[in-house]
Amino acid sequence: MTTIAGELTADGEHIVLVAGGSDVDVAAAARQLKLLTPLISQSDPPGAVTLPATWPAVVQLTHVYGVSWRPGPRLVEWTQEEIRRRNGGAPDLAYTPPDGLTPYPWQLEGAQMIASVGKVLLTDEPGTGKTITAILGIVERGGQDDPVWPVVCVVPASVVDPWVEAWRTWAPARRTVAWRGTPAQRRKLAGTADVYVASYDTARIDAPPEAHSRGGRPLLDLEPGAVVVDECHLIKNQRSLRSLAVRRLTRHADTVVALSGTPITHHPGDLWPTLVALEPAAWPSRERWVDRYCQSVSGDYDEEIIGLHPHREPEFRTTLLGATRRVAKADVLSQLPPKVYSVRTVELPQAWRKIYDDVESKMLAELPDGEELSVMSVLAQLTRLSQLASAAADIAVSTEVDEDGVEHEHVTVTLKRPSWKVDALLEVLAERPGQAVGVFAPSRQLITLAGEAAAKAGYRVGYVVGGQCMTERTETVNAFQSGELDVICCTTGAGGVGLTLTAARTAVFLQRPWSIVEAMQAEDRFHRIGSEQHDSIEIVDVVAARTIDTRVRAVLREKAGQLGDLVQDPRIVTELLGGTPESTPDRKAA
């Protein structure tokens, strides 16, 4: 019988493995070792190998070798301590928040998890207070003589100020600054604070690779002991500069807290960069992680991940034991009002129906003719269909000839009145006199049309759209919350995170985005702590009949299924968009 002996090195950094048995059995054990995700290195004594000592590595060794696995005394002791820490072995928090501030019980539990384990993924639903949970956990861990200071928080640009304010409120003894300004101003901030809050774009610039560091690496030079990665789904693209910068920041941090109520946007493969940020030694290769834990099928261009591998899912969840958590609002915020969904179906006027159908037919006709459309071409045409499903438009067509003499057609769509979706919005507003209403759509053009029409009808209107400075955005939100505005019009990209719009009982979606993250986060601007003042939160979707709108909603449901499986909350699927799938549309774009 083959035996696989493993022992922790004296410094606690690595596990040394030695196989015993016949040559054939040892060779088979070596082949199995290649299925693990950590990097394996040759070691002394001859024939031994080493791998980094991480909890996921121990879990994988146990699952792969079963009864053949023989951990040594030091490794057994280390494993037992890990199990204790990951099963709620932390005492109550010693840190006491300032007077007048009382965390919710689930925030205290999450903070204890952070204080105990150090590297944690919180997938608590938006609106449950993950920011405060992270702050309390890091402060508590710092009070245990863990080297957490300084802390770097990498967050969307729209929530830099709210994060700074939260740190100053809940941990006033720690100086917190926003890491922004000119490069020279940012460099001067180094050493002036305990907590630095940076946007993703700034982090991308100030945590560059060694080969591109002519302007310095000021964020990396801080050598943060703790890093917070807010809305960690934003680093899902493993090759993006923001993802690489965040992973450089977390590489040597003892404490890493990743936060997102929607940690994946398409499939479990989106999670890999976050896992690397948390535990780089355990997950150095996306290919090996996907091969081990994901189920995939052959796609048109590459393997398509369709979910977690059912046979390996228990092992994967064990690798995250005590290091991840999901809290749903329905479970902990019973005082929040229910969401009530409705769909207002609008018909395209006959003239614009013909134009829409012509554009859709042309797009569908282009697909099977032997020349594949580029991804960008498909996205552009889908965007045009969404625009033409919403309003009248001026359509300008021009051609350009590239350096190879090939003509390329450029189509510009400019929305204008009439807009059947804006007309539906005005009906919603008229039916709710004196009530504040929030309006969302991915299209800035449509949002602008809606705001202008509402203002013309006598409503006080504010906007949250891309390109605004933080001051303007904050003033608009504050005015809406204080009752100085009747309507706030937001693009889902700019208004999907960092806003509290609980003054409104009604949210109107003139379009839904393709992104499940933006679709869910936008709703949670209204349905969160502070919305208890309403008896319900009404979500109204304006859907154009027999258009791409129905296809968008179907795609969102498909993505919700992957997210629900990962975080083990089937309610994400059953409650999305009101929980009632639409009937199959008469036509749909590819």
Within region 209-218, of all residues that are assigned to a helix (DSSP H, G or I) and surrounded by fewer than 18 Cβ atoms within 10 Å (Cβ to Cβ), the one modelled with the highest pLDDT is 210
Among the residues of region 440-479, what is the count of those that are surrounded by 15 or more Cβ atoms within 10 Å (Cβ to Cβ), within 22 Å of residue 157 (Cβ to Cβ), more than 22 Å from the chain's Cα centre (by Cα) and of a type in the set (Val, Ile, Thr)? 5
Considering only region 367-417, state which residues are more than 22 Å from residue 546 (Cβ to Cβ), modelled with pLDDT under 70 and hydrophobic (A, V, I, L, M, F, W, C). 373, 375, 376
Residues of region 454-490 being part of a helix (DSSP H, G or I) and of a type outside the set (Val, Ile, Thr), which ones? 454, 455, 456, 470, 472, 473, 475, 478, 479, 480, 481
Residue by residue through region 250-272, note down the ones that are closer than 18 Å to residue 223 by Cβ, crowded, with 24+ Cβ neighbours inside 10 Å and among the aliphatic types (A, V, I, L, M). 256, 257
Would you call residue 146 modelled with pLDDT under 95 and of a type in the set (D, E, K, R)? yes
Could you please find all residues in region 219-234 being in contact with a Ser or Thr (Cβ under 8 Å, 6 or more places away or on another chain), closer than 15 Å to residue 279 by Cα and not in a loop (DSSP other than H, G, I, E, B)? 226, 227, 229, 232
Quick check on this structure: which one of 168, 187 is without any contact (Cβ under 8 Å) to a residue 40 or more places away in the chain, in contact with a helix residue (DSSP H, G or I) (Cβ under 6 Å, 6 or more places away or on another chain) and of a type in the set (Lys, Arg)? 187
On the basis of being assigned to a helix (DSSP H, G or I) and buried (at least 16 other Cβ atoms within 10 Å of the Cβ), does residue 290 make the cut? yes
Tally of residues being outside any helix (DSSP H, G or I) and surrounded by 12 or more Cβ atoms within 10 Å (Cβ to Cβ) across region 418-436: 5
Residue check: is residue 541 under 15 Å from residue 441 (Cα atoms), buried (at least 23 other Cβ atoms within 10 Å of the Cβ) and of a type in the set (D, E, K, R)? no
Quick check: anything in region 259-268 outside any loop (DSSP other than H, G, I, E, B), assigned by TED's automatic domain parsing to the domain that holds residue 112 and in contact with a Pro (Cβ under 7 Å, 6 or more places away or on another chain)? no
Exactly one of 19, 27 is out of contact with any helix residue (DSSP H, G or I) (no Cβ under 8 Å at 6 or more places or on another chain), outside the structural domain of residue 322 (by TED's automatic domain parsing) and of a type outside the set (Phe, Trp, Tyr), and that one is 27
Unique residue being surrounded by fewer than 18 Cβ atoms within 10 Å (Cβ to Cβ) and at pLDDT 95 or above when the list is 169, 123, 176: 169
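The values are calculated or read from the model by the stated rules, or taken from the named source; none is laboratory data. No experiment lies behind these values; they were computed from the predicted model shown. Because the Cβ atoms are built from the backbone with ideal geometry, glycine has one as well, and the counts that use them run over all protein chains shown.
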